[in-house]
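Engineer: This is the structure I want to talk about, given as structure tokens.
The values are calculated or read from the model by the stated rules, or taken from the named source; none is laboratory data. In this text the structure is predicted, and so the values were computed from the model without any measurement. All Cβ positions, even for glycine, are placed from backbone atoms using ideal geometry, and neighbour counts span all protein chains on display. What goes into the accessible areas is simple: the full protein's heavy atoms, side chains included, and nothing from ligands, DNA or RNA. Shrake-Rupley method; radii C 1.70, N 1.55, O 1.52, S 1.80 Å.
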There are 2 protein chains.
Amino acid sequence: MLFTPIINRYFRPVLYGEILIGVICTITKFGTDFKSMSNKPSFGRSRVLLSNLKPQVDNGRFAVKRVEGEKLKVEVCLVADGHDVVAGALAFRQMGQKWQFVNLSHLGNDLFGAEISFPKKGNYEYKIQGWLDYALTWLHGLEKKYEDGQNVAVHMTDGKSHIAHLAKAGHEKATLLLNKMMEDAHASAAMALEGWLEEAFRAHPEKTFLSESAAFPLRVDRKKALYSSWYEFFPRSAAEEGHASFKEVEKLLPRVADLGFDVLYFPPIHPVGEVNRKGKNNATEAEVDDAGSPWAIGSALGGHKSVHPELGTLVDYKNLIKKANDLGLEIALDLAYQAAPDHPWVKEHPGWFKWRSDGTVQYAENPPKKYQDILPIYFESEDWEALWDELLAVILFWVEAGVKIFRVDNPHTKAINFWEWAIAETHKKDPDIIFLAEAFTKPALMKQLAKAGFTQGYTYYTWRNFRHELIEYMNELSQGDAAEYFRPNFWPNTPDILPYSLQSGNESIYLIRLFMAATLSSNYGVYGPVYEHLVHQAMPGKEEYFNSEKYEVQHWNWEVENKITWLMRLVNKVRKDNPALQQTRNYLTLNIENQSLYAYYKWEGESKMIMVVNLDPYSTQEGWLQLPLHHLGNKGPSYHFHDHSTGADYQWTEEWNYVRLDPALPFHLLELRS
Amino acid sequence: MLFTPIINRYFRPVLYGEILIGVICTITKFGTDFKSMSNKPSFGRSRVLLSNLKPQVDNGRFAVKRVEGEKLKVEVCLVADGHDVVAGALAFRQMGQKWQFVNLSHLGNDLFGAEISFPKKGNYEYKIQGWLDYALTWLHGLEKKYEDGQNVAVHMTDGKSHIAHLAKAGHEKATLLLNKMMEDAHASAAMALEGWLEEAFRAHPEKTFLSESAAFPLRVDRKKALYSSWYEFFPRSAAEEGHASFKEVEKLLPRVADLGFDVLYFPPIHPVGEVNRKGKNNATEAEVDDAGSPWAIGSALGGHKSVHPELGTLVDYKNLIKKANDLGLEIALDLAYQAAPDHPWVKEHPGWFKWRSDGTVQYAENPPKKYQDILPIYFESEDWEALWDELLAVILFWVEAGVKIFRVDNPHTKAINFWEWAIAETHKKDPDIIFLAEAFTKPALMKQLAKAGFTQGYTYYTWRNFRHELIEYMNELSQGDAAEYFRPNFWPNTPDILPYSLQSGNESIYLIRLFMAATLSSNYGVYGPVYEHLVHQAMPGKEEYFNSEKYEVQHWNWEVENKITWLMRLVNKVRKDNPALQQTRNYLTLNIENQSLYAYYKWEGESKMIMVVNLDPYSTQEGWLQLPLHHLGNKGPSYHFHDHSTGADYQWTEEWNYVRLDPALPFHLLELRS
């Protein structure tokens, strides 16, 4: 009884409870309360032990993430008592499909591994099998005895069953050998040792007394989950005057596409709350004509499933999405689960909000601060199941309308368990849906959101300015444990954050921050018009924009052309042409003998890029750069690099090479050409 | 249905299958096949997430190990959405007993921890609870609003339930506050903020919507599992002439006890096989009077439950054990599961051995080598369950006879699953039983044996001679993951191994190797008489003794007194008096400015020891030693060290101090005195 649920794991498809069990090939355990001496594990004769399977997230509790075509390298320790040959296989399958198997290679010191990729997106699982290969053990024994000149007659006969196994599998040469064995042991031994037999044994393993790990989940997303270029603006600011509508927004789509972005993200498009609406610069009292914050969602005009009338109708929005798609643009919806005091939910579902002992509703607060234009959702509500259903319904409503990407506002202030459930449910309807977590929060919480299923996450890049910070952070994101499930999205600014580094308005810094965002991380984004216009006036002492668009409609020169727009076109084009910049795990810091210069290398297959940045916006810096020769491979007498920033070409024949960068053009964007 | 087995984990005692589930506080997971939209996890309102629980072995598949009184420090990451106060507890219990709880302290950056120790030996389990502490959240909010001068009337009333919870628990001051609240909000707020309330809330947590990890196993052994001093000799060599019996062995007990050892280990004491018996120096043909290898077990005279007649009877052996115990000595039995060709098992249970196609039995072999005096046990036998029962019966037979320590011969050539089962079964009969794994094998296999339950294991110390090797190995053993379950036992030599380093016969090396074994590892042992006599003649080119006692009876001067015996007495005495040397995890390499000198620090509570060794047996070495000031604490103007090797006392007033060691006395054994 004790063993039933576990032993079954070896005989039926893995259930979810079981995939939590992790790498275990034996069941008896310390303290296990055997009913009687005869109560022994069913696999007493399985002698291979599995441990240290990588990658895995919390022992299979959460999924490792990849995108279509991306490689997954699995490693595991396989070991057994004695001297028999240990062998193993990596088994994987799309959920509900048949298992496929790839033999593991021995990487030394009992570490085994295999590398696979997944052509189709979806939910997969993988597990490890280990066994003692008695056929190979027998063959290696034969080889040693044969070379030692011993009589191998008995040894040959000892191996009969292994060769019969191949013959049964239809292996012709094995059948020949099987017959020959009876006549001439020595000659048949010679034949057995020709090499083909070892190959055949590996191709048709007997897998006797198999040991098997639990299965581990893997999610394979569409490519955009790993490679995307975001542009953000406030739709209501799209017009030359007044509050813009989606019609005016449509006119700007060609520009955004022409700049090379592929995701266009708008702050919330729902009716803006009127009760306690915020005024300009977050004033607690709004003027009559103040537009308010679009994040204060809901009014008599509707809630999370409605469109703000001044922007247009749901039909207008659907048309906008279609027109954008025709230009290769996807529209990302801002999913902000909070309610203005006049949101319909408050009347219809008071249980979804927290009420105080005096009968008033609980506003968002971080004592002593209060945010009276927003009510937080009460996730501990007695009525939580209906609440979850409605929140999910909101997502599915917009998926229905054509939305495939959600930028989620402050997900770290909502129950993480809800996200895990809602994202899984959404992916059942449409596996293409991408969720970007706007979670500027603690590392542990950022990671839990990614584990819960968020496709991408905002990062600390916004505040990483010094070379040592950038190197440490990039090593963590590209090599750390979280690299298996956390996909960074780098933003130099957002409507909420005008970082101190940009408050100088120095053009060179704007170039540096955008360039690094786009070349360090395969997912990046920028809060648009303010960036092209080098807007840098902040609320005194804060990292917030003065006259922020969050609280008022603004108007921009959408025709602006300058170094920033030039750089946007350049990096987006080079990213599109070079797979090395379409991923983030293949990152390597390069040595360069000047602390003001930051150089890094990224690669994917034959695509190899070297970036060099001058972090000093005020003076020219020069230094010597070391090429990663072991990565670049032998390219003959010299390495040919094309610099996309200037169009210049370099023939480098030495390992160390001179670089010089002026703040006016503070980077090299070098592609290795063969 | 899908959730049943897992959710139950939260409501009934943890079953063993479940402890494999690891650190999980939520159940819904990626891809989970919800039957319907209404199928949501039962704990939807639990918002605290647990991860990275340490220590744990393979996610709870195997037990962490401690001894009576030894500390266990548990750490875990607890995080939740939002800004509420996160709190947690470490729950632990002896199997079958009631859970005990210790609150976790916040160590910063969402890492929480607690340290406990276990007075009684046995099998334990521990788990983590995490919850949002709404009472503390409320109190901290009150504090901020109060300090901000806001009206706190409503806020006070909002907290009524939390104070009522305390009052209900019988907290008098809380009852007072409860009444006062109604009258005067401001005054009662002041009272609430006096500090006692926060204390009370922490002492009586409400644990609303609790999140809980799976339970992890912990084995607490008796102290000797961690601290033991072994001496080995061949009982048959105890006499002045001829084959000794246990009667003569008894005469040597006082000497071994006087040298300060507490475990006396004998090679196998069973009837030695006669078929294919090995001769002197492992000759394949034995002379008529050759004693053979005691590891070739079994003959017409009996098997693993019999005593070799020339040694005496079972009764003699039991008496020997009693006499040894009276002297504070335990007798360790050599458990060697292999059979001579004439072992009774071969006739009675042919199925427990492997038979070849020509009807002959399979000898131990490592092609092209053959070992014809030994048959390996066939662990894949059809009859494996009866085999396991008998092998366990052998252990229990000797436990019955009074044996409490087994030195297990080559456990890495027997099925590891068997060991895990047999050791667990043995501990059910007697939790005091200690198993030392003689596994000079690969790292991965060594670790699996320790996970399977072996109390101690032989190590690579025998071949770690250079300072960098010793430092790297000690860091691995004391700080690596395996430190949680692998207890090293250091041996400078064994009957199988005369390491090259000792083949010079240089006395200084014999002192160095013994000294380091005894002071680096709290478990250590030495293969006796040959060591005191500096026997160093090896089989040419091999690390084996020439005229090895393994194949012949020998005679020794058991009265020998020399530097080696002096050192044995010294280190065993100092080990007994200093807890720092009775454990192996508190190890720190010290800086010393001479590559030939090796200095290290060990500590346990107030016991603090510094060892300095001259690794160069041919010349005097001197250098400057850096004291670990942050460990030693402030001992006033100077540190007083007593050197047990010379009796000298040092008053060190500086961080760096001069040391000088002569090969004649190649070490300092410094105890910090206050």
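Engineer: Residue B:553 passes all but one of (1) surrounded by fewer than 20 Cβ atoms within 10 Å (Cβ to Cβ); (2) farther than 30 Å from residue B:242 by Cα; which number fails?
Structural biologist: Every condition holds for residue B:553 apart from (2).
Engineer: Run residue A:560 past the list (1) open to solvent by 60 Å² or more (accessible area, probe 1.4 Å); (2) in a loop (DSSP other than H, G, I, E, B) and report the number of the one that doesn't hold.
Structural biologist: Status for residue A:560: all satisfied but (1).
Engineer: Let me ask another. In region B:442-461, what residues are in a loop (DSSP other than H, G, I, E, B), within 9 Å of chain A (Cβ to nearest Cβ) and farther than 24 Å from residue A:41 by Cα?
Structural biologist: Step one: of region B:442-461, the residues in a loop (DSSP other than H, G, I, E, B) are B:442, B:453-455, B:459.
In the following step, the residues that additionally are within 9 Å of chain A (Cβ to nearest Cβ) were identified as B:442, B:453.
Passing the criteria: only B:442.
Engineer: Considering only region A:514-534, state which residues are in contact with a helix residue (DSSP H, G or I) (Cβ under 8 Å, 6 or more places away or on another chain) and either open to solvent by 10 Å² or more (accessible area, probe 1.4 Å) or outside the structural domain of residue A:489 (by TED's automatic domain parsing) (or both).
Structural biologist: A:534
Engineer: Answer yes or no: is there a residue in region A:112-121 that is closer than 18 Å to residue A:52 by Cα, more than 14 Å from every other protein chain (Cβ to nearest Cβ) and of a type in the set (A, V, I, L, M, F, W, C).
Structural biologist: yes
Engineer: Looking only at region B:90-127, count how many residues are open to solvent by less than 90 Å² (accessible area, probe 1.4 Å), under 24 Å from the mean Cα position of the chain (by Cα), closer than 17 Å to residue B:73 by Cβ and not aliphatic (A, V, I, L, M). Step through it out loud before you land on a result.
Structural biologist: Of region B:90-127, the ones open to solvent by less than 90 Å² (accessible area, probe 1.4 Å) are B:90-96, B:99, B:102-105, B:107-108, B:110-114, B:116-118, B:121-127.
Next, only the ones that are under 24 Å from the mean Cα position of the chain (by Cα) stay: B:90-96, B:113-114, B:116-118, B:121-127.
With the extra rule that they be closer than 17 Å to residue B:73 by Cβ, the set shrinks to B:90-92, B:113-114, B:116-118, B:124-127.
If we keep only those that are not aliphatic (A, V, I, L, M) too, we end up with B:92, B:113, B:117-118, B:124-127.
Qualifying residue count for the region: 8.
Engineer: Of all residues in region B:135-144 being surrounded by 19 or more Cβ atoms within 10 Å (Cβ to Cβ) and within 12 Å of chain A (Cβ to nearest Cβ), which is nearest to residue B:187 (Cα to Cα)? Reasoning before the result, please.
Structural biologist: Step one: list which residues in region B:135-144 are surrounded by 19 or more Cβ atoms within 10 Å (Cβ to Cβ), which gives B:135-139, B:141-142.
Checking which are within 12 Å of chain A (Cβ to nearest Cβ) leaves us with B:137-139, B:141-142.
Working: B:137: 20, B:138: 17, B:139: 15, B:141: 16, B:142: 12 Å.
This residue is B:142.
Engineer: Of all residues in region A:159-170, how many are open to solvent by less than 50 Å² (accessible area, probe 1.4 Å) and either within 14 Å of chain B (Cβ to nearest Cβ) or at pLDDT below 95 (or both)? Before the answer, list the steps.
Structural biologist: Kept after step one, since they are open to solvent by less than 50 Å² (accessible area, probe 1.4 Å), are these residues of region A:159-170: A:159, A:162-164, A:166-167.
Checking the rest, the ones that are also either within 14 Å of chain B (Cβ to nearest Cβ) or at pLDDT below 95 (or both) come to A:159, A:162-164.
The number of residues fulfilling the criteria is 4.
Engineer: Whether any residue in region A:51-59 is open to solvent by less than 40 Å² (accessible area, probe 1.4 Å) and over 29 Å from residue B:450 (Cα atoms) is what I want to check.
Structural biologist: Looking through region A:51-59, none of the residues is open to solvent by less than 40 Å² (accessible area, probe 1.4 Å) and over 29 Å from residue B:450 (Cα atoms).
Engineer: May I ask you to say which residue of B:602, B:563 is in contact with a helix residue (DSSP H, G or I) (Cβ under 9 Å, 6 or more places away or on another chain) and more than 23 Å from residue B:531 (Cβ to Cβ)? Break it down stepwise before answering.
Structural biologist: On the way: B:563 fails: more than 23 Å from residue B:531 (Cβ to Cβ).
Among B:602, B:563, only B:602 is in contact with a helix residue (DSSP H, G or I) (Cβ under 9 Å, 6 or more places away or on another chain) and more than 23 Å from residue B:531 (Cβ to Cβ).
Engineer: Give the residue that is nearest to residue A:377 (Cα to Cα), with candidates limited to residues of region A:272-310 that are open to solvent by 40 Å² or more (accessible area, probe 1.4 Å) and not in a loop (DSSP other than H, G, I, E, B).
Structural biologist: Within region A:272-310, the match that is nearest to residue A:377 (Cα to Cα) is A:282.
Engineer: Testing residue B:480 on (1) of a type in the set (Gly, Ala, Ser); (2) open to solvent by less than 20 Å² (accessible area, probe 1.4 Å); (3) closer than 27 Å to residue A:48 by Cα, one condition comes back false. Which one is that?
Structural biologist: (2) is the only condition that residue B:480 fails.
Engineer: Could you grab the pairs with beta carbons closer than 7 Å, sequence gap of 6+ or different chains, first residue in region A:71-93 and of a type in the set (Lys, Arg), second one assigned to a loop (DSSP other than H, G, I, E, B)?
Structural biologist: Close Cβ pairs satisfying both conditions: A:93/A:99.
Listed here are the residues, each with its yes/no results for (1) more than 30 Å from residue A:603 (Cα to Cα); (2) in a loop (DSSP other than H, G, I, E, B); (3) among the basic types (Lys, Arg).
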position: A:510; (1), (2), (3): no, no, no
position: A:516; (1), (2), (3): no, no, no
position: A:529; (1), (2), (3): yes, no, no
position: A:536; (1), (2), (3): yes, yes, no
position: A:541; (1), (2), (3): yes, yes, no
position: A:549; (1), (2), (3): yes, yes, no
position: A:552; (1), (2), (3): yes, yes, no
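Engineer: While we're on this one: Checking the conditions here, which among A:215, A:153, A:192 is within 12 Å of chain B (Cβ to nearest Cβ), farther than 30 Å from residue A:268 by Cα and buried (at least 22 other Cβ atoms within 10 Å of the Cβ)? Explain how you work it out, then say what you get.
Structural biologist: Values: A:153 fails: buried (at least 22 other Cβ atoms within 10 Å of the Cβ); A:192 fails: within 12 Å of chain B (Cβ to nearest Cβ).
Testing whether each residue is within 12 Å of chain B (Cβ to nearest Cβ), farther than 30 Å from residue A:268 by Cα and buried (at least 22 other Cβ atoms within 10 Å of the Cβ) leaves just A:215.
Engineer: I've got another one for you. Name every residue in region B:201-248 that is under 29 Å from residue B:85 (Cα atoms), among the small types (Gly, Ala, Ser) and in contact with a helix residue (DSSP H, G or I) (Cβ under 7 Å, 6 or more places away or on another chain), in order of residue number.
Structural biologist: The answer is B:214, B:215.
Engineer: Residue check, residue B:220 against (1) within 14 Å of chain A (Cβ to nearest Cβ); (2) part of a loop (DSSP other than H, G, I, E, B), all met but one. Which one?
Structural biologist: If we test residue B:220 against (1) within 14 Å of chain A (Cβ to nearest Cβ); (2) part of a loop (DSSP other than H, G, I, E, B), just (2) comes out false.
Engineer: While we're here: Would you kindly identify the strands (runs of 3 or more DSSP E) lying entirely within region A:567-666 that contain at least 1 residues that are in contact with a Gly (Cβ under 8 Å, 6 or more places away or on another chain), closer than 22 Å to residue A:466 by Cα and at pLDDT 95 or above?
Structural biologist: Values: elements: A:587-590, A:597-604, A:607-614, A:621-626, A:639-643, A:649-652, A:656-661.
Fully inside region A:567-666 and qualifying: A:597-604, A:656-661.
Engineer: Somewhere in region B:329-338, is a residue surrounded by fewer than 15 Cβ atoms within 10 Å (Cβ to Cβ) and not in a helix (DSSP H, G or I)?
Structural biologist: Step one: filter region B:329-338 for residues surrounded by fewer than 15 Cβ atoms within 10 Å (Cβ to Cβ), giving none.
For region B:329-338, residues surrounded by fewer than 15 Cβ atoms within 10 Å (Cβ to Cβ) and not in a helix (DSSP H, G or I): absent.
Engineer: Among the candidates A:89, A:80, single out the residue that is within 13 Å of chain B (Cβ to nearest Cβ), modelled with pLDDT of 95 or more and out of contact with any Ser or Thr (no Cβ under 7 Å at 6 or more places or on another chain).
Structural biologist: None of the others qualify; the one that does is A:80.
Engineer: To continue, here is another question. So how many residues does region B:311-325 have that are surrounded by fewer than 21 Cβ atoms within 10 Å (Cβ to Cβ) and under 16 Å from residue B:550 (Cα atoms)?
Structural biologist: The qualifying residues number 0.
Engineer: Now for a different question. Condition first: more than 29 Å from the chain's Cα centre (by Cα) and open to solvent by 30 Å² or more (accessible area, probe 1.4 Å). Now tell me which residues in region A:622-637 satisfy that. Give the derivation first.
Structural biologist: Kept after step one, since they are more than 29 Å from the chain's Cα centre (by Cα), are these residues of region A:622-637: A:622-626, A:634-637.
If the condition is that a residue be more than 29 Å from the chain's Cα centre (by Cα) and open to solvent by 30 Å² or more (accessible area, probe 1.4 Å), then A:622, A:624, A:626, A:634, A:635, A:636, A:637 are the ones that fit.
Engineer: Could you pull out every one of the strands (runs of 3 or more DSSP E) wholly within region B:355-434 that has 1 or more residues that are more than 22 Å from the chain's Cα centre (by Cα) and within 12 Å of chain A (Cβ to nearest Cβ)?
Structural biologist: On the way: elements: B:364-366, B:369-371, B:405-409.
Result: B:364-366, B:369-371.
Engineer: Right, here's the next one. Restricting to region B:38-72, and then to whatever is hydroxyl-bearing (Ser, Thr, Tyr) and facing chain A (nearest Cβ under 10 Å), can you tell me which residue is farthest from residue B:417 (Cα to Cα)? First the steps, then the outcome.
Structural biologist: So in region B:38-72, the residues hydroxyl-bearing (Ser, Thr, Tyr) come out as B:38, B:42, B:46, B:51.
When the remaining residues are screened for being facing chain A (nearest Cβ under 10 Å), the result is B:38, B:46, B:51.
Numbers: B:38: 43, B:46: 38, B:51: 29 Å.
Among residues in region B:38-72 that are hydroxyl-bearing (Ser, Thr, Tyr) and facing chain A (nearest Cβ under 10 Å), the one farthest from residue B:417 (Cα to Cα) is B:38.
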